[in-house]
Amino acid sequence: MTSVPAAPPARAYRRLGVEERRTQLLGAALTLFAHRAPDDVSIDEVAAVAGVSRPLVYRYFPGGRQQLYEAALGSAAEQLTLCFAEPAVGPPTERVSRVLDRYLGFVDEHDAGFSALLRGGSVAETSKTSTIVDGVRRAAAEQILCHLGRGGGPGQEAAGPRLRMMVRTWIAAVEAASLIWLDEAKQPPAQELRGWLVDHLIALLAATAASDGETASVVAGLLDQETADGPAGRLAALVVPVAGRAAHLLPPASSPGN
C-alpha cells in the first residue's frame, strides 16, 4: 500500500486589529511601489505580498489601487519628511549633511518608486497625490530654513522672499540630482553626492548674500558656528585659491587721497 505524504500544516491565521491590518496592507503596497511604477502594481500582488485575500484588500481600500496608492504615498511622504528633521545641534552644514544622508538612503531604498513618484506621468497621479508630494517639498524647505535660523518658530524670524526662494530652489536641485543619480546607476557614490549637494547650498547662500541683506546676516551667523574641518571650512579651502584667480576682474583699488 502506497503511503500518501502528509499535507503541510496549515499556517495559523492571526486576526489583526483594524489599524494593524491597514498598516500591514500599506507596508505590502509600499514594498511593491518602492520598486515598481504605480501603474504596474495590481491589487492581487498587494494581497499576495500581504498574505491575504483580494476581497480583504478591497474591504480596507474600497477605492482599489488608486486609494491604496494615495494612502501608501501619504505614508511614504511622512517617512521622507522625517528625513529632514534634525536636532539643532552642531554646525549647520553638518546637520544638513546628516539630513542628506537619510534622504539619499530613502532614495536608494525606494529607487523605482521614488522616480515614478516625482516624475509623474502615472495614471495614478491626481491633484491629491500632487498635493502630497508638494507638501514634502515645502516641509523639507521649512526644516532647512530652521537650520538657517529663519524657520519662523520660537526665537526665530520668518525668512524673507529671497532667502525662501533660494532654499526652495536648492530643494528642487536636490530632487533633480536624486533622479539623475538613479538614472546614472547611483553614481557618484552617495557620500560624494551628499558632499556636493552641501557645497551647492553653501554656494547658493554666498551668492544670495552678495545682494540680499537678510541672507548676508544669516551667512554671518552660520559661519560663526562652522569649523575648519567641517563642510564649510573644507569648501572655503578649495574655493579661496580659485577665487584668487579672479583678482583681475575686480576694480582697481583707489590710490590714497582719491
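The values are calculated or read from the model by the stated rules, or taken from the named source; none is laboratory data. These figures come from a predicted structure and were not determined experimentally. Neighbour counts are summed over all protein chains in view; Cβ atoms, including those assigned to glycine, are modelled from backbone coordinates with ideal geometry. For the accessible areas, the whole protein counts, side chains as well, though only heavy atoms, and no ligand, DNA or RNA atoms are used. Shrake-Rupley method; radii C 1.70, N 1.55, O 1.52, S 1.80 Å.
Restricted to the stretch 212-240, and to residues there that are open to solvent by 80 Å² or more (accessible area, probe 1.4 Å) and of a type outside the set (Asp, Glu), the residue that is modelled with the lowest pLDDT is VAL240. Residues satisfying the criterion are absent from the stretch 29-42 (criterion: at pLDDT 90 or above, touching a helix residue (DSSP H, G or I) at 6+ places or on another chain (Cβ under 6 Å) and under 24 Å from ASP111 (Cα atoms)).
Residues in the stretch 78-94 that are part of a helix (DSSP H, G or I) and either more than 16 Å from the chain's Cα centre (by Cα) or buried (at least 19 other Cβ atoms within 10 Å of the Cβ) (or both): 5 in all. For residues that are touching an Asp or Glu at 6+ places or on another chain (Cβ under 8 Å) and at pLDDT 90 or above, scanning just the stretch 150-165, find the one that is most open to solvent (accessible area, probe 1.4 Å). Looking at residues that are touching an Asp or Glu at 6+ places or on another chain (Cβ under 8 Å) and at pLDDT 90 or above, I get ARG162.
Is it the case that the stretch 16-24 has a residue that's over 27 Å from GLU109 (Cα atoms), more than 27 Å from the chain's Cα centre (by Cα) and at pLDDT below 85? Within the stretch 16-24, one or more residues are over 27 Å from GLU109 (Cα atoms), more than 27 Å from the chain's Cα centre (by Cα) and at pLDDT below 85.
Residues that are open to solvent by 20 Å² or more (accessible area, probe 1.4 Å), more than 11 Å from PRO38 (Cα to Cα) and either of a type in the set (Gly, Ala, Ser) or in a helix (DSSP H, G or I) (or both) within the stretch 57-70 comprise TYR58, ARG59, TYR60, GLY63, GLN67, listed in sequence order. Hey, does the stretch 198-207 have a residue that's more than 19 Å from LEU100 (Cα to Cα) and β-branched (Val, Ile, Thr)? No, because not a single residue in the stretch 198-207 is more than 19 Å from LEU100 (Cα to Cα) and β-branched (Val, Ile, Thr). So, of the residues in the stretch 192-210 that are open to solvent by 50 Å² or more (accessible area, probe 1.4 Å) and either without any contact (Cβ under 8 Å) to a residue 12 or more places away in the chain or hydrophobic (A, V, I, L, M, F, W, C) (or both), which turns out to be farthest from ARG164 (Cα to Cα)? Checked the stretch 192-210; the qualifying residue farthest from ARG164 (Cα to Cα) is GLU192.
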